[in-house]
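Participant: Structure incoming, see below.
The values are calculated or read from the model by the stated rules, or taken from the named source; none is laboratory data. Keep in mind that what you see is a predicted model, and the values were worked out from it rather than measured. Every residue, glycine among them, receives a Cβ derived from its backbone with ideal geometry; neighbour counts consider all protein chains shown.
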Amino acid sequence: MEYKYCTAINWGKNFFTHKERRQFYLSGHAGEGKSCVWVVGNNIHGDHWISKVSGVSKTKEEAQAIVTTQIEAEQIAYDALPVEAQAKYPRPVEFEIL
Amino acid sequence: MATYKEIKGQTVSSQASDPSSAADTGLLYYNTASGTFKVVAPGVGAWSSGGGMNGSRYGVMGAGTVTAGLYMGGTHQPTDSTKNTSETYNGTSWSSAPAMPGNLRNGGSWGVQTSAVAVGGSTSPGETPLGGTAYEFDGSSWSSGGSLITARRGNTGAGASSSAGVTWGGGDPGDYTNTESYNGTSFTEAGDLNTARRNTAGNGTQTDAIAAGGDPGSMDNVELWNGTSWSETTVLNTGRGFGGPSGGMGSSTAAIVVSGNPNNVEEWDGTSWTETSDLATTRGSGHAVGYATTSTGMYFGGSPYTYATYTEEWSKPAYSIETVTTS
């Protein structure tokens with residue numbers, strides 16, 4: 001398994017550090033409320049980071065479902081905008097996490 | 001098998017402490033204190049999380065550095081309202097700062113935390129009216145300055161202070177090549193871009209800047225500004241639009257373009273573009289700052305909604321000390 005998955009709220013400074021970014025893969029994706037879905041490189045450094053941020057472990061399927069639900073909510077919100085507002089940025093698109 | 005001395009012309013040296021200069025990059029040595037072989041490797045850039053903005057922003061503008069930053073205006077999500085607010089960054093957190101004289105988003109901006117300009121863009125949630133008046137910040141308050149000769153949105157800016165800047169591109173209607181130079185009082189027409197566009201990544205000074213990518217059509221064109229004219233140079237590996245201006249930091253000889261669509265990061269060394277570390281939370285239409293440097297900087301705001309308050313800080317050390325391991 002190349003990646004692990006979790007949800008966690010980005011608290012800001014030092015939620016992830018330069019050193020951690022060099023030690024393992026990390027990408028954040030739309031989640032519920034202030035929480036994001038995080039795709040984390042599966043090594044000891046990634047495990048330590050999940051523990052540090054009190055990440056709630058998810059399966060890949062669970063993580064993807066959260067991302068998809070959030071994107072669909074954003075699509076609904078986008079579709080409800082006036083046309084001139086929609087012209088300012090693209091409609092959110094479905095996204096498959098790693 | 002060839003020996004290290006046969007390859008390098010010297011033996012592996014023993015050193016009591018690690019070298020402290022990028023000039024030693026490539027050096028392999030034995031550290032007698034740790035009892036390990038080490039190598040001085042080229043520095044590798046990476047992004048870390050920074051303090052969250054107090055207001056979520058899309059199409060936000062900015063200035064300054066990672067330890068003394070400034071954002072202004074932008075579109076608040078999800079209310080889709082254009083803002084006049086600004087905040088300052090101290091390397092750890094964002095704090096409220098005075099409001100601009102008017103609402104503004106997707107405009108050009110430049111300068112430092114105590115001497116900055118925002119100009120162009122749009123003043124309302126719709127695409128018009130366009131923002132033609134420069135708003136200047138002196139570190140404690142905003143004032144109105146000179147007006148663009150050609151009002152526009154999606155323009156990008158570069159400059160060291162509120163009295164020395166340049167802005168280019170943008171549009172509405174269409175896309176512009178126009179470049180205008182600012183002296184703190186008025187704008188003057190300057191050399192046009194070779195390729196009309198808006199929402200370029202760019203940064204630099206009034207006499208040394210870079211414009212990369214942009215809209216429409218996720219362009220890969222890159223042009224360098226020498227204070228008088230633009231010249232085409234090596235294109236991006238991946239063409240991209242940013243949904244807003246200024247997804248970049250640096251100058252004509254060392255720059256980074258950040259995120260956008262697609263959302264990888266590329267680094268410019270004055271000759272070629274190289275893929276480098278991506279943001280953890282990729283997005284477009286945020287703002288990157290890192291005046292005249294690519295060793296430190298930050299990217300804040302942008303979309304989608306979830307990330308609209310996020311800040312990520314860029315750091316690229318000149319070199320790093322790596323322990324040699326076998327596996």
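Participant: Can you pull out the residues in the stretch B:182-198 that are of a type in the set (S, T, N, Q) and either part of a loop (DSSP other than H, G, I, E, B) or in contact (Cβ under 8 Å) with a residue 40 or more places away in the chain (or both)?
Facilitator: B:Asn183, B:Thr185, B:Ser186, B:Asn194, B:Thr195
Participant: Does B:Gly204 count as buried (at least 24 other Cβ atoms within 10 Å of the Cβ), modelled with pLDDT under 95 and not aliphatic (A, V, I, L, M)? Steps first, please.
Facilitator: Details: buried (at least 24 other Cβ atoms within 10 Å of the Cβ): yes; modelled with pLDDT under 95: yes; not aliphatic (A, V, I, L, M): yes.
Considered against the rule, which asks whether it is buried (at least 24 other Cβ atoms within 10 Å of the Cβ), modelled with pLDDT under 95 and not aliphatic (A, V, I, L, M), B:Gly204 comes out as yes.
Participant: Evaluate the following for B:Gly154: is it modelled with pLDDT under 95 and assigned by TED's automatic domain parsing to the domain that holds B:Ser186? Spell out the reasoning first.
Facilitator: Values: modelled with pLDDT under 95: yes; assigned by TED's automatic domain parsing to the domain that holds B:Ser186: yes.
Yes: the conditions hold for B:Gly154.
Participant: While we're here: Mind telling me which of the residues B:Asn106, B:Asn155 ends up being on the phi > 0 side of the Ramachandran plot and buried (at least 24 other Cβ atoms within 10 Å of the Cβ)? Before the answer, list the steps.
Facilitator: Values: B:Asn155 fails: on the phi > 0 side of the Ramachandran plot.
Of the residues listed, the single one that is on the phi > 0 side of the Ramachandran plot and buried (at least 24 other Cβ atoms within 10 Å of the Cβ) is B:Asn106.
Participant: What is the one condition in (1) in a loop (DSSP other than H, G, I, E, B); (2) more than 9 Å from chain B (Cβ to nearest Cβ) that A:Trp49 does not satisfy?
Facilitator: (1)
Participant: Take the stretch B:78-105 and flag every residue that is within 13 Å of chain A (Cβ to nearest Cβ), part of a loop (DSSP other than H, G, I, E, B) and either within 22 Å of the chain's Cα centre (by Cα) or charged (D, E, K, R) (or both).
Facilitator: Correct list: B:Asp80, B:Asn90, B:Gly91, B:Thr92, B:Ser93.
Participant: Just need a number here: residues in the stretch A:15-46 that are buried (at least 16 other Cβ atoms within 10 Å of the Cβ) and part of a loop (DSSP other than H, G, I, E, B).
Facilitator: 7
Participant: Moving to a separate point now. For the stretch A:1-46: of the residues being closer than 26 Å to B:Gly91 by Cβ and of a type in the set (Gly, Ala, Ser), which is farthest from the other protein chains (Cβ to nearest Cβ)?
Facilitator: Top of the filtered list is A:Ala8.
Participant: Identify, please: which residue in the stretch A:48-78 is in contact with a strand residue (DSSP E or B) (Cβ under 6 Å, 6 or more places away or on another chain) and closer than 16 Å to A:Lys34 by Cα and is, among those, surrounded by the fewest Cβ atoms within 10 Å (Cβ to Cβ)? Show your work before the answer.
Facilitator: Of all residues in the stretch A:48-78, those in contact with a strand residue (DSSP E or B) (Cβ under 6 Å, 6 or more places away or on another chain) come to A:50, A:53, A:55-58, A:60, A:63, A:66-67.
Then keep just the ones that are closer than 16 Å to A:Lys34 by Cα; that gives A:53, A:55-56, A:63, A:66-67.
Working: A:Val53: 19, A:Gly55: 22, A:Val56: 13, A:Ala63: 22, A:Ile66: 20, A:Val67: 23.
It comes out as A:Val56.
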